[in-house]
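Below is one structure, written out as structure tokens; the observations come after it.
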Amino acid sequence: MNEPLTLDFSKLTDQFSTVQLHTLFKKREVAKKNFKQKIELGEIGFSKLPYQKNLSELKKVAKKISQTCDTLLVIGIGGSSLGAKAALHALKNSKTPKIYFLENPNPDTLNHLLETIDLKKTAINVISKSGSTLETLSIFFIIFEKLKNTISPKELKERVIVTTEPKENFLNTIAKEYSLPLFPIPFNVGGRYSVLSPVGLFPMLVAGISIDDLLEGAQWVDQHNHDAYFYGTLAYGAHRLLKKPLTVLFPYDERLSTLGDWFCQLWAESLAKSDSSGPTPLKAIGTQDQHSLLQLFLQGPQDKWYTLITLEKHEHHLNIPNSPILKNFSYLKNIPLENILKAEEKATEKSLTEFENPFCRISLPELSAYTLGALFYHFELATAISGFLYEINPFDQPAVENGKKWAIEFLQNKQVR
Ligand code: PA5
């Protein structure tokens, strides 16, 4: 297997003293031990996902949907949507079926969508680990009813795919009642760590993305995990020792913008568990944020460190022409557009260096299922190890659950308006 990603930490490590790095490495060994112990106890399951077998049923159902439907509605929120959404934004190139992610219970956007699609050719994948998330179920209730009134019971059995935890909950009950295809989310895999489970894999398959390549990329990182652990350790050190509580994911490819949203959720929901353990994630996109957030980054509060993601190769080549209109721009004549992107990226690195801002670089040979799988898994491992360094639980989300509880209580007590 070729390297799906390489990391350069030199502009980050040079900000730490040798003593600080030594202390961090010692702490990392303890964190790794605790992490591995929990895996062995079966409490953490995401690290098994790159090696999962028995994906033939998932592939079969997805194939049928892509052959028979022109629309797939993915209903889910948070960890039940962001991973697949990021993958599709990065890699989807087939035009059909059209895939929409329904996350927010917004009557205007939902109504607009329902006016646009043809329900006769639509499938749903409803995803909720708990099987009880209010937003997901509300949207599902509306669409399921409409679909039930539009297509035959036989078609319904093929077109409503349920992804949930294998325990008693509403989604399991409805799947049984209507004999719907059901794909389990392992009980020890939390929402935001579930992109390599059926949660992310099913929509990716429908979109024509190679999940075998994706999982292979994740396996590579699992087998060469030193850099992911190092990243998680330096992230913790940047916060605690360099006093940089904000971390910015800065891909120089707009197709990785939604990966930035996925990363922000993973980082925030996993690591913010106390006043001193909440590093704040931000995303920026190259080059557009050079004309926006970069001013804040360079001359605003010096409280951030950066991860630049760079692509070594683009699929397409577009050259600036050698035309008379370029008479004052001779340095641009005949040069490929990706050279502009590269120059801008180098300019950002140069500026970050000049302003003494720490950063690391992740280089991908190309943007593919293989490299994306590696990126997903790299950040999951790094987040987990950071969590163990902060000595918090990176796998729960009590404050999110609190919000869920209140919303239901307001509805039950009719206190909405
Ligand atoms: O990462 C998490 O655990 C959360 O963001 C959940 O994914 C989100 O709240 C949705 O929960 P569920 O999958 O139970 O509907």
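Observations, loosely collected:
- Flag for S277 being out of contact with any Ser or Thr (no Cβ under 8 Å at 6 or more places or on another chain), open to solvent by 60 Å² or more (accessible area, probe 1.4 Å) and of a type in the set (G, A, S): no
- Close pairs from the stretch 66-90: first without any contact (Cβ under 8 Å) to a residue 60 or more places away in the chain, partner assigned to a helix (DSSP H, G or I) and more than 10 Å from the ligand (Cβ to nearest atom), Cβ under 6 Å, at least 6 apart: D70/K121
- All of W220, W305, W262 fail the test of being aromatic (F, W, Y) and not in a helix (DSSP H, G or I), apart from W305.
- Output for the stretch 135-189, where each listed residue is among the aromatic types (F, W, Y) and in contact (Cβ under 8 Å) with a residue 12 or more places away in the chain: F140, F144, F170, Y178, F183, F187
- Residues that are in contact (Cβ under 8 Å) with a residue 60 or more places away in the chain, of a type outside the set (S, T, N, Q) and open to solvent by less than 30 Å² (accessible area, probe 1.4 Å), drawn from the stretch 243-259: K244, L249, F250, Y252, D253, L256, L259
- Matching helices (runs of 4 or more DSSP H) fully within the stretch 324-417 where at least 1 residues are open to solvent by 80 Å² or more (accessible area, probe 1.4 Å) and modelled with pLDDT of 95 or more: 337-354
- Looking at the stretch 53-146, the helices (runs of 4 or more DSSP H) lying wholly inside it that each contain 3 or more residues that are open to solvent by less than 10 Å² (accessible area, probe 1.4 Å) sit at 56-68, 82-91.
- Output for the stretch 177-203, where each listed residue is within 14 Å of A86 (Cβ to Cβ) and part of a loop (DSSP other than H, G, I, E, B): S194, V195, L196
Let's see how each residue does on (1) aliphatic (A, V, I, L, M); (2) within 16 Å of the ligand (Cβ to nearest atom); (3) closer than 28 Å to K26 by Cα:
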| site | (1), (2), (3) |
| --- | --- |
| N322 | no, no, no |
| N328 | no, no, no |
| P336 | no, no, no |
| N339 | no, no, no |
| E344 | no, no, no |
| R361 | no, no, yes |
| E366 | no, no, no |
| E391 | no, no, yes |
| K404 | no, yes, no |
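- Unmet criterion (only one of (1) away from the ligand (no atom under 16 Å from the Cβ); (2) under 11 Å from P203 (Cα atoms); (3) out of contact with any helix residue (DSSP H, G or I) (no Cβ under 8 Å at 6 or more places or on another chain)) for I117: (2)
- Residue tally, condition within 13 Å of the ligand (Cβ to nearest atom) and of a type in the set (V, I, T), over the stretch 151-209: 7
- Subset of the stretch 236-273 that is touching a Phe, Trp or Tyr at 6+ places or on another chain (Cβ under 8 Å) and of a type in the set (G, A, S) - its residue that is farthest from the ligand (Cβ to nearest atom): G237
The values are calculated or read from the model by the stated rules, or taken from the named source; none is laboratory data. Everything numeric here is computed off the predicted structure, so don't read it as measured data. Cβ coordinates were reconstructed from backbone atoms using ideal geometry, including for glycine residues, and neighbour counts include every protein chain displayed. Heavy atoms of the whole protein, side chains included, go into the accessibility calculation; ligands, DNA and RNA do not. Shrake-Rupley method; radii C 1.70, N 1.55, O 1.52, S 1.80 Å.
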